[in-house]
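Below is one structure, written out as structure tokens, with a few remarks after it.
Quick note: the coordinates plus some simple rules give every number you see, no bench work behind them. Because the structure is a prediction, the values reported are computed rather than measured. Positions of Cβ are backbone-derived with ideal geometry, glycine not excepted, and every protein chain shown enters the neighbour counts.
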Amino acid sequence: MLKRFISYYKPYRALFILDFSCAIIAAILELSFPVIVNQVIDKIMPTGNLRLIFMVSAMLLFFYIINTVFQYIVVYFGHKLGTNIETDMRNELFRHFQKQPFSFYDNQKTGKLMSRLTTDLFEISEVAHHGPEDIFITIMTLVGSFTLMYNIHSSLALATAVIVPFITLALAFFNKKMTRVNTQIYENLGEFNAGIEASVSGIRVTQAFANEEYEQQRFSKLNQLYRQSKLAFYKTMAVSSSYNYFLIRLISLFALLFGSYYVIQGEITNGNFVGFILLSNVFARPIEKINAMLESYPKGFAGFKRFTEELDKKPAIEDKKEAKEVDYLAGDISYQNVSFSYDDGTEVFNQLNLEIKRGETIAFVGPSGAGKTTLCHLLPRFYEIDSGSIQIDGHSIQDIKMSSLRQQIGIVQQDVFLFPGSIKENVAYGKLGATEEEIERAVELAHLSKVVSDMPDGLETIIGERGVKLSGGQKQRVAIARMFLKNPPILILDEATSALDTETEKVIQESLMSLSEGRTTLMIAHRLATIKHATRIIVVDEAGIVEDGTHEALINQKGVYEKLYNAQFN
């Protein structure tokens, strides 16, 4: 795990060397001050040479100015190093999330994933910056100051340092305990963020049912759970800090007590004594720094542990090494003995077979939960089949790179997702880098021009989060315009008009008819009046495909489709 953490420093070697070098020089200069004071008291002051004292003071002032510059470099460029590493980790994790299939998100809470991308990585920046230099400088300062103390008086140095083993044991114990507590804090924070995300996203439903008090109580429980985790951390930290504070003060006390004894005995000079006291403070400083490290580092390592655990979850669906790019797919689709089950073992299809010719419009109907949407989602590999084969133009979809495959397939769903921003930005999402003319043409084909012209800022109108400022029909037209811009040869329409009123549905249907023209189109619909024009209608239930034919043929067949049709229109 440590080796993996260190690998993130590689792109920033120069920045690390600059930060590390300056931190070491600053620490060495700190050690030089007590030695110089010792010499001033013992050798220069007895001579009464004020000029020499001023010269030494000027030299110390110069050192302080140099050290100030080094401190600036360590603080700014060190934090820049940590922030760069944190940013790289966040990019890597986001890229990892984008590779995950639908099944991954079916079992995840959005708030938890957001926590992994944000909070988990905050403290990693501090560890990445301070970790190597703090450990090295702490050891160097301890060894250096003890060596100088030992040179002044060996017995006094040993008596002063006798506390250090007890501090070391305490640090090891508390570090392990605080890392464990921090892991729990991050877990609770993930639940906390997930709860907030759900509550804020569902605020309209909450207010519609007048359930604000219930949501407040649920939020309070999550808030208290997170509070208790943090209090457990701070309690451990308080015990650690108090214990170490007492032991560190004993170091200064021992230095004063035994040092005074040796001065009275004439074994050390006044200058040596003052220098020793100053060195004992330098000796104690890195131990105090370890207390600060104990607060930050367990958080960073707990976050990095969760980060690596997430990265180590391989995507359930990946490209084969020999997968190829395709420039164009005509749209001949073949499902051959396809079987599929969800992660919980629920079987959806068993040995399903289906042939679709290019340019056909295929409508899928049947009861909810029969697998119509899943059948279509298998085509762009949002889910992976258990066995069998799905082919497009004779190519197995598993032999085509997913990015290339999905470029050839367009999806318009009932629940349209729009990004915060303008209408233009959401339409242009269908083809990044599209020209103004292309966007305006797509808007016109989607019957969105009238809507845009009535908007205060036209295409630049901001539509709010998830398009909250648009009606359901307007959202659908934006989604259709986006698909016109993408211009895929294969189209999936997933109940794209089921939530609309009759008048709006008629307009959207005209847009969809225009959109599906010349493409292989897979339609999922509950309103059977919208699919009469389909080349074929396929009836799906728990047993798989039970009927396949035109509207007239299935009505005459007097089977499942005829019963569904009569149930809607009689």
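With everything on Cα atoms, drop me the angle between helix 502-516 and the longest principal axis of the chain, reported from 0 to 90° to the nearest 10.
90 degrees
Using 0.36 nm per residue of separation minus the Cα-Cα distance, give me the extension gain between ALA238 and ILE28 in nm, one decimal.
Numbers: separation 210, 0.36 × 210 = 75.60 nm, distance 3.10 nm.
72.5 nm is the gain from fully extending ALA238 to ILE28.
How much FRET efficiency would the formula 1/(1 + (r/R0)^6) give for GLU562 and HIS395, where r is the Cβ-Cβ distance and R0 is 30 Å, rounded to 0.05? Numbers along the way, then the final one.
Details: r = 37 Å, r/R0 = 1.24.
That gives a FRET efficiency of 0.20.
For segment 400-551, rounded, prolate or oblate, judged on the Cα gyration tensor with a ≥ b ≥ c (square roots of eigenvalues), a/c < 1.5 rounded, else prolate if a/b > b/c? Provide the component values of the computation, followed by the final result.
On the way: a/c = 2.03, a/b = 1.53, b/c = 1.32.
It is prolate, given that a/c is not under 1.5 and a/b is the larger ratio.
Can you tell me the 0 to 90 degree angle between the C-alpha axis of helix 560-569 and the longest principal axis of the chain, rounded to 10?
For 560-569 against the chain, the angle is about 90 degrees.
Give the residue list of chymotrypsin sites (Phe, Trp or Tyr not before Pro) in segment 386-494 that are DSSP loop and have at most 15 other beta-carbon atoms within 10 angstrom.
PHE417
At ASP415 and PHE122, where each label point lies 7 Å from the Cα along Cα→Cβ, what is the point-to-point distance in nanometres?
So the label points at ASP415 and PHE122 sit 3.0 nm apart.
Could you list the chymotrypsin sites (Phe, Trp or Tyr not before Pro) in segment 308-389 that lie in coil according to DSSP, counting only those with at most 14 other Cβ atoms within 10 Å of their Cβ?
TYR328, TYR342
Based on Cβ point charges of +1 for Lys and Arg and -1 for Asp and Glu, what charge dipole magnitude is obtained for the chain about its Cα centre, in debye rounded to the nearest 20?
1960 debye
With every atom except the alpha carbons ignored, what do you get for Rg and Dmax of segment 39-178, in angstroms?
Spelled out, the Cα radius of gyration and Dmax of segment 39-178 are 24.8, 83 Å.
Which of VAL326, GLY421, GLY359 sits closest to the plus end of the dipole of segment 325-441, meaning its Cα is farthest towards the positive end, when Lys and Arg get +1 and Asp and Glu get -1 on the C-beta?
Among VAL326, GLY421, GLY359, the one farthest towards the positive end of the dipole of segment 325-441 is GLY359.
Please report the orientation-averaged projected area of segment 285-373, defined via the convex hull of its C-alpha atoms, in nm².
The directionally averaged projection comes out at 12.2 nm².
Provide the percentage of antiparallel DSSP beta bridges, counting only those with both residues in the chain; round to the nearest 5.
Just about 50 percent of them are antiparallel.
Nearest 10 degrees, 0 to 90: what angle lies between the long axis of helix 50-99 and the longest principal axis of the chain (Cα atoms)?
Approximately 20 degrees, to the nearest 10.
Any lysines with Cα under 16 Å of the LYS3 Cα? List them, leaving off those in the same chain fewer than 8 positions away.
LYS305
Name the residue from PHE246, PRO456, TYR234 whose Cα lies farthest towards the positive end of the charge dipole of the chain, charges +1 on Cβ of Lys and Arg and -1 on Cβ of Asp and Glu.
Farthest towards the positive end: PHE246.
Gain in length, LYS532 to ALA210, computed as 0.36 nm per residue apart minus the alpha-carbon separation, to one decimal in nm?
Result: 111.7 nm gained on full extension.
For every helix of n ≥ 4 consecutive DSSP H residues, a contribution of -39,500 (n - 2.57) applies; sum these over the chain, divide by its total residues, and give [θ] at 222 nm rounded to the nearest 500 deg cm²/dmol. Can you show the working numbers first?
Working: 20 runs with 357 residues, N = 570.
Taken over the chain, the calculation gives -21000 deg cm²/dmol.
What ranking do 94-107, 44-57 get when scored by the average of other Cβ atoms within 10 Å per residue, highest first?
Ranking the peptides 94-107, 44-57 by packing returns 94-107, 44-57.
Under a straight-distance cross-link criterion of Cα-Cα below 17 Å, which lysines are reachable from LYS563, leaving out those fewer than 8 residues away in the same chain?
Correct list for LYS563: LYS532.
Among 157-168, 370-381, how do they line up from the highest to the lowest mean number of other beta-carbon atoms within 10 Å?
370-381, 157-168
Dividing the convex hull volume of the Cα atoms of segment 2-311 by its residue count, what figure in Å³ per residue is obtained?
About 161 Å³ per residue, rounded to a whole number.
If you filter segment 103-147 for trypsin sites (Lys or Arg not before Pro), then keep DSSP loop positions with at most 16 other Cβ within 10 Å, what is left?
LYS109
Nearest 0.05, what FRET efficiency do ARG249 and MET45 give at R0 = 35 Å with Cβ-Cβ as r?
The computed FRET efficiency comes out at 0.75.
Using the beta-carbon distance between VAL162 and GLN71 and R0 = 30 Å, what value does 1/(1 + (r/R0)^6) give for FRET efficiency, to the nearest 0.05?
It comes to 0.40.
Once you have the Cα-Cα distance between LYS176 and GLN336, take 0.36 nm times their residue separation minus that, and quote the gain in nm to one decimal.
That pair, LYS176 and GLN336, stretches by 52.1 nm at full extension.
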